[in-house]
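Throughout, read-outs are computed from the coordinates displayed, never taken from laboratory work. Quick caveat, the model's predicted, so the values are computed rather than measured. So basically every Cβ, Gly included, is an ideal-geometry build from the backbone, and we count neighbours across all protein chains shown.
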Amino acid sequence: MKKLAYLIIHCTATPEGKAFVGRDIIRMHTTPPPNGRGWKTPGYSDLILLDGKVENLVPHNDDDFVDPREITNGALGLNAISRHVAYVGGTDKKGRAKNTMNPAQELALHQYVLAMIHNHPDIKVAGHRQFAAKACPSFDTIKWLEAKGIPSKNIHR
Ligand SMILES: [Zn+2]
């Protein structure tokens, strides 16, 4: 069991305004191909819905370790040391990357980040795109965290 090192922010890469919920994302990630990705676990621990509510997909506690049963499949090679959170959205209606966070989602994400830093003072917060050639989460996480006044030591660069 390894120490939690990163909070990695994602989007679901679903079209703006479409009200996907946890069961939809779990189905997309765990259904075998061609209808899903065929993963053993979903890609995120928690999901920020369009109304700003946070839905838990894979249970976790708040200690400093990632238990095997807490691992989710958000970023290759980093899952054993990461918590993954996603907001619902992240593309326009044509599937192009777009920051579609509404005010309720942005507030929820901000509060989620603050709670994670409170519980894990050494954690580094990152966007998925910092680790993979992807647009996810469709915004510049470093700039967003700086604008929210997140301490520099908690921002992965
Ligand atoms: Zn992602």
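Give me the Debye-computed log₁₀ of I(q)/I(0) at q = 0.09, 0.14 Å⁻¹ for the chain, equal point scatterers on Cα only, no solvent, two decimals. Computed log10 I(q)/I(0) values: -0.25, -0.64.
Rounded to the nearest 500, the helix-only mean residue ellipticity at 222 nm of the chain stands at -6500 deg cm²/dmol, with each DSSP H run of n ≥ 4 adding -39,500 (n - 2.57). Note that segment 71-85 has calculated 3J(HN,Hα) couplings of 6, 10, 10, x, 8, 3, x, 10, 5, 6, 10, 10, 9, 10, 10 Hz, one per residue in order, obtained from phi through the Karplus relation 6.51 cos²θ - 1.76 cosθ + 1.60 (θ = phi - 60°); glycine and proline are x. Taking a 32 Å limit on the Cα-Cα distance, which of the listed pairs 3/94; 94/153; 93/153; 18/40; 18/153; 40/148 fall beyond it? Pairs exceeding the cut-off: 3/94; 94/153; 93/153; 18/153; 40/148. The ranking of 72, 100 by Cβ neighbour count inside 10 Å, starting from the fewest, reads 100, 72. For segment 47-54, putting each phi into the Karplus relation 6.51 cos²θ - 1.76 cosθ + 1.60 with θ = phi - 60° gives couplings of 10, 9, 6, 4, 8, x, 5, 9 Hz, in residue order, rounded to whole numbers and with x for Gly and Pro.
Residue-wise HN-Hα couplings along segment 93-107, as the Karplus relation 6.51 cos²θ - 1.76 cosθ + 1.60 with θ = phi - 60° gives them from phi, are 5, 9, x, 8, 4, 7, 6, 9, 4, 8, x, 5, 5, 5, 5 Hz; Gly and Pro carry x.
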